[in-house]
Amino acid sequence: MAGGWARDGAVSEQIEASISDELKRLKARPAPQGESLTHCAECEEEIPQARRDAIPGVKLCIDCMQERDTAHQARSGINRRGSKDSQLK
């Protein structure tokens, strides 16, 4: 149920398009390549063998990778697909 001038299903289409865009962005990230390190490049902690096997070319331990991922999540709060009214508020 859409309100205002939007047609029925418009909100669902916006959500699906946003999810699709995010998946494309994640898939476009370059994957690690080359030889995996035995110790983290940032904190020198040992990288478990299971992680090195799962992600060829891994350079960071899980903790350092999570810190790096959360540091780059700053995004604008604007819904690009929203109506003009929702962007002007």
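Where a number appears in this text, it was derived from the coordinates with a stated rule and is not lab data. Since the structure is predicted, the reported quantities are computational estimates derived from the model, not experimental observations. Note: ideal-geometry Cβ built from the backbone for every residue, glycine included; neighbour counts use all protein chains shown.
Indicate the gyration tensor shape class of segment 32-72 (rounded, prolate or oblate), computed on the Cα atoms with a ≥ b ≥ c the square roots of the eigenvalues: a/c under 1.5 is rounded; otherwise a/b larger than b/c is prolate and the rest oblate.
On the way: a/c = 1.87, a/b = 1.46, b/c = 1.29.
Prolate.
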Practice problem: Using a Förster distance of 22 angstrom, determine the FRET efficiency expected from the C-beta separation of ASP63 and THR38, and round it to 0.05. | Solution: 0.85
